[in-house]
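Below is one structure, written out as C-alpha cells, with a few remarks after it.
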There are 2 protein chains.
Amino acid sequence: MITGKNYIGNTLSSKGSKTYTTYNPQLNIENGFSFVEAASEEIDEAVGLARTASIGFGAMSGVKKADFLNAIADEILALDELLIKTYCSETGLPEGRAIGERGRTIGQLRAFAALVKEGSWVEASIDTAIPDRTPVPKPDLRKMLIPLGPVVVFGASNFPLAYSTAGGDTAAAFAAGCPVIVKSHPMHAGTGELVASAIIKAAKKTNMPNGVFSNLNSSGIEVGSALVKHPGIKAVGFTGSIGGGRALFNLAAQREEPIPVFAEMGSVNPVVILPEAVSKRGEDLAKTYAGSITLGTGQFCTNPGLLLGIKSDALTGFITRLSEEIIKIEPSCMLHPNIIGAYETKKEKALSQNGLQVAAEIQQNVQTNYARQTVTTVEGKTFLQNTTLHQEVFGPYSIVVQCEDIAQLKEIIKNLEGQLTGTIIAEENELEAHQDITIALQNKVGRLIYNGVPTGVEVCPSMQHGGPYPASTDSRFTAVGIHSIKRWVRPISYQDWPDSLLPDALKNSNPLKISRLVNNEQTKNSL
Amino acid sequence: MITGKNYIGNTLSSKGSKTYTTYNPQLNIENGFSFVEAASEEIDEAVGLARTASIGFGAMSGVKKADFLNAIADEILALDELLIKTYCSETGLPEGRAIGERGRTIGQLRAFAALVKEGSWVEASIDTAIPDRTPVPKPDLRKMLIPLGPVVVFGASNFPLAYSTAGGDTAAAFAAGCPVIVKSHPMHAGTGELVASAIIKAAKKTNMPNGVFSNLNSSGIEVGSALVKHPGIKAVGFTGSIGGGRALFNLAAQREEPIPVFAEMGSVNPVVILPEAVSKRGEDLAKTYAGSITLGTGQFCTNPGLLLGIKSDALTGFITRLSEEIIKIEPSCMLHPNIIGAYETKKEKALSQNGLQVAAEIQQNVQTNYARQTVTTVEGKTFLQNTTLHQEVFGPYSIVVQCEDIAQLKEIIKNLEGQLTGTIIAEENELEAHQDITIALQNKVGRLIYNGVPTGVEVCPSMQHGGPYPASTDSRFTAVGIHSIKRWVRPISYQDWPDSLLPDALKNSNPLKISRLVNNEQTKNSL
C-alpha cells in the first residue's frame, strides 16, 4: 500500500527524480520503500487544485465537513496494523505510543467534526439596522469567520500522527474550510503516505472536491520553501525546530503578500521548585521528574529541560535522588540517527560550558540510536551569564540551576526566552508568598502548571499550546484544541445583505441553530 | 496648553534638538507651535516606563480600566473649543467633521470601557479535572486572554482623533491592559499633544501607573523605526499608506523576537454595478457616488476608488450623470500640502496611462491645497493589463471600468489586490443570479456591502475593518469595533492552579459574573 508517490489531489504522482528512504532506528537499517520527492510541476499542480477546491470547500456546510473529518478518522482506524507497524518502523517508538498517538489523532479529528457540525465556532455576530437613527441611519451588519484559503502543513518529526499528515493543524484547517497541502516529514514518509491515503479515501467517499488535500514528499528544504512562497498559499502550520520555523516565517514575511505562519518551535519549559516543596516532597518530585524528562526519550516539545531551585540541602538531596532515579530508567531509542546525532552534539556543547557539572549520565553502552539520559547542574550566576545554557537540548536532558536566592531565580526567569510552559512546584503558601514569580513566569509562557509536569498536553478548549517567541511565532494562537481553528480563518462583514443570500450562519431564521451575538446579546434565537 | 514637548509617561520632556511645525492648509500658513522631536534617550525612557507599568496595568481589574477609559473621554470633552480649533487648524477639515470625529472617539473609548467593565471579553474557558480518568487523569485547565505588553500606536493622518492619540488602537490596547506609546502624526502634533494631555490627566486621576501612556513627537521615520525595533515593544498598530505599513511590518518581522503589526493600509474599495440596477437607478446612484467619492475630500480609507460596470447605454448614462454631479460639488481642502501633492502626482500618473479617459475634472481655479475631484473611465481589457490603474489615488478620485461582459468583470475582481470593502450594486435577482461575483469579491475583501457606499464605517461588534493584504497586514483581525481588542492579547492556560490564586475571571465562584465556557457549556454560573 506504500507507493512512495505524492498525492496531487486524488492522483498518485511521481514526476520528480530525487528519491529517499526512511530509517528504522531500532534495527538501525533503512526501510525498504523509496519515496519520490515532489517536483516543482507537482507543487504547482497541488496548489492549483487547492485553489480551485477552496471555493466549494470554503463554503461547505459544517455537517458535510464533519462527515469528511469523521471519515478520515474511520479510514485511519481501518489502516489498522499496517499503520502501527509502519509508524514503529519509522520512528523507533513503541507500539503503545503509536496506538496512543493514533487515539489522540482520531480524537482531534472527531472533536473538530463535532465543532463544525454544531457550528457556533464561526462567531456569528449580527447588528440590525436602525434606519431612523440620526444623524445617519445605522446599516445592518453581520459578521462571521471564513477560511483563509489553502494551508500548508509541515509534518512534525516527533508526532508522526497527531501533528503531521492528519494531525491537529490539518484537522483544524479542514474544519475551517481550508484545503491542505502537507509537506510530509521525511523521517516518516511511509506513515505519512498511509495517512494521506486515508484522507484521500475519506475525501472521495464524502464527495470532497479534488485538491482538498495533497501530500508532497520531500527530504530537503526546497519543496517546503516553494510551497510557502507560492502565491496560492494563504497560511502555514509548522511544528519543529526554531531554525526551521523561523526560516519559514521569514520566507512568508518576505512574500509580496505576507501570509501568517504558525510555527510551534522550541521550549525548555522551565520548572521552578520552591524550598518548602522540595524539602517536603523532594523524593516524590525526583521520581516524577525522572519520568517526565525521559518520557518518549525526551522528544516532547513540553519536555522539562530546565529546573530552577534555591540552593539548600533539600535541593542537593533532590538532585542526588533525581540522578539516581533517572539512571534507573532504561535508555530508549530516538526517532532517527540525525536526531540522536543532534542530541549528542547539543549535549556536548552544553557539557563543554564552564561551570556545568554532570549529575547523572548513563555510563554503560547503549544500543545504537538510544539516548543516554543526562542531568546537569549549574550555579545561578553562571547560568545567567551564559545563554548557551538556555538553549534546548532536544532529548532526555535537563539542567538544574542552583540559585542563590529568590531574587536570582526571578532574574533568571526574566532573562529566559519565550516558552510553551512554565511550572511552579510549591506549597500553596509559597506560591501565594511569591506571586511575583508567577507574574514573571506568566510573561514568558503560554501555560502555567502548578505541582505537575509539563509533559502531557491535554486536548481541550482550555489548553493553550503556544507561547511568546520562540516558543511559537504568534502567541495569540494555540496549536492544540478547538481554538486552533482560529489560525486559519478571518472575519468578514456583510452590510445590508439580502437575508436569503446571506450564509446560513447569518440568516434571520438561524437555520443552523447556532449561538450568535445579536445586538450584543448571545443567543440561539432567530430574529 | 500646547507646549511642543513629548510626554514621557507623565512628564513633559524635550531633550531632542530637531523641531518641526504643523500646517494650516486652509490658510496655507504654518501654525505657530514648534514641536520637539523625541530623542533616542526619551524613546528608551518611554519604553522602560511602559514595561514597568505593564505589570500592574496588565493585571488591573476591568472596572479600573473602565474608569481610566471613561476619564479619557471626559478629559477630551473638557478640551472643548481648543481641541476643535486646533484640529481644524491642523487638517483643513471643517468643524462639523471635527466634532463628529470627537464623538466617534468618545464613543469608542466608552464602548471599550463598557466591554472591560462587563468582563466576558477575556474568553474565560474552564475544563475541570477528571482525576479518575484512565489511562491518565485529566488535569484542571483554565484559559483566558492576557495583554501582550507595551503597544506602539502610529497616529493616522486622516483621523487625528478617532485613529490617532486616543483613537481606536489606543482605546483597544488600554482595554486589553497594554501600555501605549503613541508615535504622534506630525501633521497634527498639536491635536495629538492636547489629546495626550487629556490621557495623562485621566491616568493621574484614576491612579494609573506612570508609563501607561507616552506621546512621542516625530516628523521623520527614525522615532517610529526605533520604537518598532525596541525589544520592550510587543505589538504595533498603524493606519496609513501601504509603503509605511509594510516598512513597519518588515522591521517587526526582522526583529530577533518578531512582533505582530496590525497595519490598516490602502484600498480602492471596488464597487460592482450590475446592469439592471444601473438602468433602473443610475441617476440616484450617480448622486450617491458623487457624494461618497468626495466625502472628506476623498480622504477616507473606504473611499470608492474603483467602479466596475458592464458596457451599456445605461452605464454610459451613469458615467455622464456621475460626471455632472461630481463637478457640482464644491472642491474642498486636503489635509496638508504633502497630501495634495501626492494626490496630484498619483492622479497625473494614472491620467498618463494609455487608454484612460477623463470623464470629469474640476476645471476652474481652486484654492491652494484644495483638490480637484476627478472621474476617469477605461476599458476592461486595458484595466486588466495595466496594474498601475489598480493603485489607490488617495483623494477624491475614482475610475469607472467599462467591462465587456460579466466574465471580464469577474476576471478583473480576481486580479485585484486585497481590499477593505467590496460593494455590489444590484437588483436582488441579479445578486442571486451572479453569486459567483459575490464569491470572487468575498475572497478579496473584509466587508461586503449591498446597495450602499463603502464610506461610513459603523462602530459595532459586527464591523470588520481590515481585509486581505495589502488592505491590512493580518486579515484575521479588525481595526474597528470591540473585537479589535484581540490584536493586543494572547491566551494563557493555568493547569491545576489553586483557586484562590487564579485571576478572578477563572475562579470557581465567578466573582466577576462573566460568561465563561465551562466544560463546553457557555454559562455565567459559578462552579
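The values are calculated or read from the model by the stated rules, or taken from the named source; none is laboratory data. Small disclaimer: the values here were computed from a predicted structure and weren't measured. Methodologically, a virtual Cβ is constructed for each residue, glycine included, from the backbone with ideal geometry; neighbour enumeration extends over all protein chains shown. Side chains are part of the model used for accessible areas, which takes the heavy atoms of the whole protein and leaves out ligands, DNA and RNA. Shrake-Rupley method; radii C 1.70, N 1.55, O 1.52, S 1.80 Å.
General observations
- Distance histogram in 5 Å bins (all Cα pairs of the stretch A:301-347, percent per bin): 5, 15, 15, 23, 20, 12, 7, 3
- Computed log₁₀ I(q)/I(0) - Debye formula, equal Cα scatterers, no solvent, the protein assembly as shown, q 0.07, 0.08, 0.09 Å⁻¹: -0.64, -0.83, -1.04
- Between the stretch B:399-475 and the stretch A:161-203, the C-alpha centres lie 33 angstrom from each other.
- Note on the stretch A:154-198: with neighbouring protein chains present and a 1.4 Å probe, carbon and sulfur make up 64 percent of its accessible heavy-atom surface.
- Accessible-area composition of the stretch B:344-414, carbon plus sulfur, in percent [1.4 Å probe]: 41
- Spin-label pair A:S17-B:Q363: with each label point 7 Å from Cα along the Cα-Cβ axis, the two points sit 6.8 nm from one another.
- Computed about the Cα centre, the dipole magnitude for the protein assembly as shown is approximately 320 debye when only Lys and Arg (+1) and Asp and Glu (-1) carry charge, each at its Cβ.
- Average accessible surface area per residue within the stretch B:270-450, 1.4 Å rolling probe, Å²: 39
- Evaluated at q = 0.06, 0.08 Å⁻¹, the base-10 log of the normalised Debye intensity for chain A, with identical point scatterers placed on the Cα atoms, takes the values -0.32, -0.55.
- Lys-Lys pairs in the stretch B:270-450 that are eight or more residues apart or on separate chains and whose Cα atoms lie under 18 Å of each other come to 8.
- Pseudo-label separations to other copies for B:D405 - Cα-to-Cβ vector, 7 Å, nm: 8.4
- Nearest-to-axis residue of chain B, judged by beta-carbon position, where the axis maps B onto A, in Å: B:A253, 2
- Residue mean of other protein chain beta carbons inside 10 Å, B:432-443: 2
- The slack between A:K311 and A:K204, meaning 0.36 nm per residue of separation minus the straight C-alpha distance, is 32.3 nm.
- For the stretch B:90-208, the equivalent ellipsoid built from the Cα gyration tensor has semi-axes of 40, 14, 13 Å, listed from largest to smallest.
- Gain upon complete extension [A:V459, A:E330; 0.36 nm per residue less C-alpha separation]: 43.6 nm
- Each copy carries a label point for A:D436 at 7 Å from Cα toward Cβ; from one copy, the others' points are 6.7 nm away, ordered from shortest.
- Cα-only Debye scattering, the stretch A:270-450: base-10 log of I(q)/I(0) at q = 0.08, 0.09, 0.10, 0.18 Å⁻¹: -0.22, -0.29, -0.35, -1.19
- Distance-filtered residues of the stretch B:289-314 - backbone nitrogen under 18 Å, label point 7 angstrom along B:K381 Cα→Cβ: B:309-312
- Cβ-vector label at 7 Å, B:S352, separations to other copies in nm: 6.0
- The label-point distance for A:N28 and A:A129, in a model that sets each label 7 Å from Cα toward Cβ, rounds to 7.7 nm.
- Acute angle (nearest 10 degrees) that the helix A:95-118 long axis makes with the longest principal axis of chain A, alpha-carbon atoms: 30
- Between 0 and 90 degrees, the angle of helix B:275-294 with respect to the longest Cα principal axis of chain B falls at about 70 degrees.
- Pair-distance distribution P(r) for the stretch B:1-97, from all Cα-Cα distances in 5 Å bins starting at 0: 2, 11, 13, 16, 17, 17, 14, 7, 2, 0 percent.
- Placing a label point 7 Å from the Cα of A:E257 along the Cα-to-Cβ direction, the residues of the stretch B:427-447 whose backbone N falls under 16 Å from that point are B:439-447.
- Of all accessible heavy-atom area on the stretch A:86-135, the percent that carbon and sulfur account for (1.4 Å): 63
- Computed lengthening from A:T320 to A:E95, 0.36 nm per intervening residue step minus Cα-Cα distance: 77.7 nm
- Accessible surface buried at the B:A interface totals approximately 5700 Å², computed with a 1.4 Å probe on protein heavy atoms.
- Proximal aspartates and glutamates relative to A:K65, as straight alpha-carbon distance under 19 Å, when same-chain residues fewer than 8 apart are discounted: A:D74, A:E75, A:E118, A:E123, A:D169, A:D504
- Averaged over A:480-492, number of beta-carbon atoms from partner chains that fall within 10 Å: 4
- DSSP finds beta bridges in chain B, and of those with both partners inside it, around 40 percent are antiparallel.
- The Cα center of the stretch A:241-302 and the Cα center of the stretch A:73-141 differ in position by 24 Å.
- Compactness of the stretch B:3-51, expressed as Rg and Dmax over alpha-carbon positions, Å: 13.2, 42
- For chain A, the longest principal axis of the alpha carbon atoms and the long axis of helix A:337-351 meet at an angle near 50°.
- Length-normalised contact order of chain B in % [C-alpha pairs under 8 Å, at least 6 apart]: 17
- Across peptide A:131-141, the average count of Cβ atoms from other chains found within 10 Å of a residue's Cβ is 3.
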